[in-house]
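Presented below is the structure to which this report refers.
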Amino acid sequence: MRQCPRCSIIADDAVSYCPHDGTRLDDLPGPSPDEELVGQEVGHYRVTALLGSGGMGAVYLGIHPTIGSRVAIKVLHPEMARDRGAVRRFFAEARAVNLIRHENIINILDLADLPDGRSYIVMEYLEGESLGARVRCRGPLEPADAILVMLALLAGLQAAHDHGVLHRDLKPDNVFLTGGGQIKLLDFGIAKLETLTGESSLTSTGAILGTPMYMSPEQATGHTAEVDRRADLYSAGVILYEMLTGRVPFKADTLIQLVSKIALEPAPRVRDVRPGVSAELEDVVMRALAKEPSARFQSAAEMAGALRHALQPLEQQRGAAPPPRLAAPPAGPGTPAALAATALAPTPPPAAAAAGSSPPSPVVVPPTAPQFVPAVASPAGAPAEAPRPTA
């Protein structure tokens, strides 16, 4: 087996270069438990690389042996396969995405079981990087570009809510920026399906599922009965705050301290962290971060409308003519500069800039792109940082 020294992807011996960034792979001394599927057949695909591993499962790159199409395959860990709740959440993810079927939500192609009983999901393979990697590596975005990303996210979120699906784990690592200029929402693994019998609640009262820094007060304090679409909008507000400032509103040394801050303390004003943000855009963020759900936006469409209004003067400042689209980063020998939709939280690379230490990162929109679908590209000659998968 071989491993990329840059992004930690693991591939079989037939692969010489990383499919993410073109780095030459190093030989590994011995296999890890997640590597057992590399080189094996899963459904119609041959597994060629381990892309990442998280608490619930591992994600692999699969290639169809006949037509060469690539997919991302998420497989439950053996211990998770014995957890009925985990299996139900895994199936709920596939059902939720297939209910919605929206261009800003990752497409799931298949759901089946391995011979040993582990379930797996076959997803589309995406080229680009996560929003989390983008912000960690290059700092905050320009306000207009942050709005464009959020408008695409809200379009997918509104479609999910219209079908009775709550995401409940929105965070930058679950928002993917493709090289073709699309924004894709990932990982509905703990989604709540309000309209499906038997799937209305996959967690008990008091349980906390998700990523605490992006949770609404009602979700962070375990009041799951109060979690509705407005909790997703709070999380969207945290993402927008981070895109603008390079940091989240609340951080703490312990989970208890963090939950206390989210529930009781007002979020720092955006303009106190980044004075150049307009007062109108700041008001949108702060309303999304209101403690009481009734004080927030009541729908993704309402929040999107406020953002479009805040975008108008920013577009006028940038001028009527759109900027030229930047060149895509160069690929390695015989490989694309690609990143699979792992839907797993990556670890920041050691060279990542500290929050706020880098100038805002441009997200350039080509003249023909819809307003809500920004194109993303690395500066010419600078390969995109690939997130490091974590266990």
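The values are calculated or read from the model by the stated rules, or taken from the named source; none is laboratory data. Small disclaimer: the values here were computed from a predicted structure and weren't measured. What goes into the accessible areas is simple: the full protein's heavy atoms, side chains included, and nothing from ligands, DNA or RNA. Shrake-Rupley method; radii C 1.70, N 1.55, O 1.52, S 1.80 Å.
Key figures
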read-out	value
Solvent-accessible area of LEU255 with every protein chain in place, 1.4 Å probe, in Å² to the nearest 10	90
Calculated from backbone phi, Karplus (6.51, -1.76, 1.60) coupling profile of segment 220-225 in Hz, x at Gly/Pro	5, 8, x, 8, 5, 5
Heavy-atom SASA rank of ASP232, ASP253, ASP26, ASP272 (probe 1.4 Å, accessible area, largest first)	ASP253, ASP272, ASP26, ASP232
Table column - 3J(HN,Hα) (Hz), segment 170-178, Karplus curve with 6.51, -1.76, 1.60, x for Gly and Pro	6, 6, x, 6, 9, 10, 10, 9, 8
Note, ³J(HN,Hα) from phi for segment 125-132, Karplus 6.51, -1.76, 1.60, rounded to Hz, x at Gly and Pro	9, 10, 9, x, 7, 6, 4, x
Cα shape, segment 111-178, gyration tensor, a/c 1.5 rule	oblate
